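In what follows, a single structure is set out as structure tokens and then discussed.
The values are calculated or read from the model by the stated rules, or taken from the named source; none is laboratory data. What you are looking at is a predicted structure, and each value in this text was computed from that prediction instead of being measured. Every residue, glycine as well, gets a Cβ built from its backbone with ideal geometry; the counts of neighbours run over all protein chains shown.
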Amino acid sequence: MTIQKKGSARWSGGIKDGKGFVSTETSALSAQPYGFNARFENGAGTNPEELIGAAHSSCFAMALSGNLEKEGYTAKDLDAVATVSLEKIGEGYEVTKIDLFLKAEVEGIDDKTFQDVVEKTKDTCPISKLLNAEITLDWQLTGSSTEARA
């Protein structure tokens, strides 16, 4: 079974003075502006790296929920953030690293089991497998008998 979802972008003008709009099939984003200023100068609008971060963190949290459920646990709260690093390499730019941070509340789970499930999820979430960059992970578990941080 193949599931297909669409995102689209429209761009007009040069790299610095141009502007673009990005949309999703579900209209969660509808002609959301993006451009050079939002990508390289913290201007208004969105940019590809934060969209990748949103996609990666949401995929990771959803996949982790499923993997925890397979182990008999239900996540009370999973708060994932993916920080995407864009670096100038030679004449161009590359996404070189994604740092995932997870704050999780899962009652009744021990640190070892949680760490095993989290690490497995980092390696097997569909967006993690798609990306060709170093992916790191840091996490904090609350709501168990002890609080842990990898």
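Observations on the model:
- Exclusive hit being under 29 Å from Gly7 (Cα atoms) and not assigned by TED's automatic domain parsing to the domain that holds Lys16, set Leu141, Leu68, Leu131: Leu131
- Hits in the range 53-109 - residues which are small (Gly, Ala, Ser) and in contact with a Phe, Trp or Tyr (Cβ under 6 Å, 6 or more places away or on another chain): Ala80
- Enumeration of residues in the range 37-65 that are under 23 Å from Lys6 (Cα atoms), among the hydrophobic types (A, V, I, L, M, F, W, C) and out of contact with any helix residue (DSSP H, G or I) (no Cβ under 6 Å at 6 or more places or on another chain): Ala38, Leu51, Ile52, Ala54, Phe60, Ala61, Met62
Residue-wise test of (1) surrounded by 18 or more Cβ atoms within 10 Å (Cβ to Cβ); (2) touching a helix residue (DSSP H, G or I) at 6+ places or on another chain (Cβ under 9 Å); (3) at pLDDT 95 or above.
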| residue | (1), (2), (3) |
| --- | --- |
| Asp79 | no, yes, yes |
| Thr83 | no, yes, yes |
| Thr96 | no, no, no |
| Lys103 | no, no, yes |
| Asp111 | no, no, no |
| Asp116 | no, no, yes |
| Thr124 | no, yes, no |
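- Hey, Leu29 aliphatic (A, V, I, L, M) and modelled with pLDDT of 95 or more or not: no
- Across the range 1-55, the number of residues qualifying as crowded, with 16+ Cβ neighbours inside 10 Å and acidic (Asp, Glu) comes to 2.
- Test: residue in the range 66-89 that is more than 30 Å from Leu141 (Cβ to Cβ) and either small (Gly, Ala, Ser) or not in a strand (DSSP E or B) (or both): no
- Hits in the range 65-77 (condition: surrounded by 13 or more Cβ atoms within 10 Å (Cβ to Cβ), more than 16 Å from the chain's Cα centre (by Cα) and among the polar types (S, T, N, Q)): Asn67
- In summary, Gln32 fulfils each of the numbered conditions (1) in the same structural domain as Cys125 (by TED's automatic domain parsing); (2) in contact (Cβ under 8 Å) with a residue 12 or more places away in the chain with the single exception of condition (1).
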